[in-house]
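As structure tokens, the structure follows; a few thoughts come after it.
The values are calculated or read from the model by the stated rules, or taken from the named source; none is laboratory data. Predicted model only: the values in this text are computed from it and were never measured. Cβ atoms come from the backbone with ideal geometry, glycine included; neighbour counts cover every protein chain shown. What goes into the accessible areas is simple: the full protein's heavy atoms, side chains included, and nothing from ligands, DNA or RNA. Shrake-Rupley method; radii C 1.70, N 1.55, O 1.52, S 1.80 Å.
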Amino acid sequence: MSASPSRANEPEILVVPSILASDFGNLAQEVRDVSEAGADWIHLDVMDGNFVPNLTFGPPVIKAIHLHARIPLEAHLMVWHPNEYLDDLKSAGVDRVIVHQESDVHLNRLLDRIRTMGFSPGVAINPGTPVGHLEEVLDMVDLVLVMSVNPGFGGQSFIEGTLDKIARVRALRDARKGTFRIEVDGGIGSRNVARIVASGADTLVAGTAIFRNPPYRDAIERLRQAALSAIGQDK
Ligand code: DX5
Ligand code: ZN
């Protein structure tokens, strides 16, 4: 797999821990620890108990996380009516907002507003959603998130068919010389990370593989090195 198009000052591979797998009883310390362990961003799974069958946290908790995070925050919104959360996510200190293609029929307007508000916009698709449903908004986003599990819970198994889907998103990016990052979320670990990156991903969300495998620095570095070796950029 050739190197991705140039993105000024951005590393080739980003490792993004999902706080969902952390110890919520010790959240401030978990956020500080993972920030200092070499993570690039922190991934925040906002679930409304309706778009997905689980309820997590929202802007007030994110505001508390922001106080302790030393790295940027991305909110992955698994909610209906994502537009209604944006003002509060802004006040909470979120840097990137990732919305599901399936969650709003006015995706163009939503992504436009996300950009105008000063967020970095991302768009996610569920395992059952065709890649083609993203085509009209690819020029509007900084990141495409390919879900490799059905969203709702951490600790699920990676869906193998996602590898081919990642390759199709990558082909679309290459064809239009796009610069959006290709992120994958769900079931990522050291056993499959090389194949995920070889298929075309460059941004890796991992919950269980990091928070359930301390020390965090080693877990993050293991993922990063496996990813870099898959694109021939290991040390
Ligand atoms: C699933 C979430 C993921 C999840 C990943 O709905 O979007 O971000 O936390 O967890 P692992 O890495 O444990 O599959
Ligand atoms: Zn997520």
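Being away from ligand 2 (no atom under 16 Å from the Cβ), on the phi > 0 side of the Ramachandran plot and of a type outside the set (Lys, Arg) narrows it down to one residue among GLY118, GLY178, GLY132; which is it? Give the derivation first.
Values: GLY178 fails: on the phi > 0 side of the Ramachandran plot; GLY132 fails: on the phi > 0 side of the Ramachandran plot.
Sole residue among the options that is away from ligand 2 (no atom under 16 Å from the Cβ), on the phi > 0 side of the Ramachandran plot and of a type outside the set (Lys, Arg): GLY118.
If the requirement is being touching a helix residue (DSSP H, G or I) at 6+ places or on another chain (Cβ under 6 Å), at positive phi and open to solvent by less than 20 Å² (accessible area, probe 1.4 Å), which of these qualifies: GLY200, GLY207, GLY189?
GLY200
Being away from ligand 2 (no atom under 16 Å from the Cβ), within 17 Å of the chain's Cα centre (by Cα) and hydrophobic (A, V, I, L, M, F, W, C), is that true of even one residue in region 221-231? Even if it seems obvious, please write down each step before you answer.
The first filter runs over region 221-231 and keeps only residues away from ligand 2 (no atom under 16 Å from the Cβ), leaving 221-222, 224-231.
Those left that are additionally within 17 Å of the chain's Cα centre (by Cα): 224, 227.
Subset that is hydrophobic (A, V, I, L, M, F, W, C): 227.
Within region 221-231, one or more residues are away from ligand 2 (no atom under 16 Å from the Cβ), within 17 Å of the chain's Cα centre (by Cα) and hydrophobic (A, V, I, L, M, F, W, C).
Scan region 92-111 for residues that are open to solvent by 80 Å² or more (accessible area, probe 1.4 Å) and either part of a helix (DSSP H, G or I) or touching a Lys or Arg at 6+ places or on another chain (Cβ under 6 Å) (or both) and report the count. Spell out how you get there, then give the answer.
Within region 92-111, the subset open to solvent by 80 Å² or more (accessible area, probe 1.4 Å) is 105-106, 108-109.
With either part of a helix (DSSP H, G or I) or touching a Lys or Arg at 6+ places or on another chain (Cβ under 6 Å) (or both) added as a condition, the list becomes 108-109.
Here the count works out to 2.
If you check PRO151 against the conditions, is it within 16 Å of ligand 2 (Cβ to nearest atom) and either in contact (Cβ under 8 Å) with a residue 40 or more places away in the chain or of a type in the set (Asp, Glu) (or both)? Before you say what the answer is, go through the steps one by one.
On the way: within 16 Å of ligand 2 (Cβ to nearest atom): yes; either in contact (Cβ under 8 Å) with a residue 40 or more places away in the chain or of a type in the set (Asp, Glu) (or both): yes.
Against the criterion (within 16 Å of ligand 2 (Cβ to nearest atom) and either in contact (Cβ under 8 Å) with a residue 40 or more places away in the chain or of a type in the set (Asp, Glu) (or both)), PRO151 qualifies.
Table: residues versus (1) touching a Phe, Trp or Tyr at 6+ places or on another chain (Cβ under 6 Å); (2) away from ligand 2 (no atom under 16 Å from the Cβ); (3) among the hydrophobic types (A, V, I, L, M, F, W, C).
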| site | (1), (2), (3) |
| --- | --- |
| ALA171 | no, yes, yes |
| ASP185 | no, no, no |
| SER190 | no, yes, no |
| VAL197 | no, yes, yes |
| LEU204 | no, no, yes |
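Just give me the residues in region 121-176 being surrounded by 13 or more Cβ atoms within 10 Å (Cβ to Cβ), acidic (Asp, Glu) and assigned to a helix (DSSP H, G or I), in sequence order.
ASP174, the sole residue that qualifies.
Looking at (1) touching a Lys or Arg at 6+ places or on another chain (Cβ under 6 Å); (2) more than 22 Å from ASP142 (Cβ to Cβ); (3) more than 16 Å from ligand 1 (Cβ to nearest atom), which one does ASP202 not meet, given that it meets all the others?
ASP202 satisfies every listed condition except (2).
Quick check: is even one residue across region 15-23 in contact (Cβ under 8 Å) with a residue 60 or more places away in the chain, away from ligand 2 (no atom under 16 Å from the Cβ) and under 30 Å from ARG222 (Cα atoms)?
Initial filter on region 15-23 (in contact (Cβ under 8 Å) with a residue 60 or more places away in the chain): 15-23.
Filter once more, so that each one left must be away from ligand 2 (no atom under 16 Å from the Cβ): 23.
In the following step, the residues that additionally are under 30 Å from ARG222 (Cα atoms) were identified as 23.
For region 15-23, residues in contact (Cβ under 8 Å) with a residue 60 or more places away in the chain, away from ligand 2 (no atom under 16 Å from the Cβ) and under 30 Å from ARG222 (Cα atoms): present.
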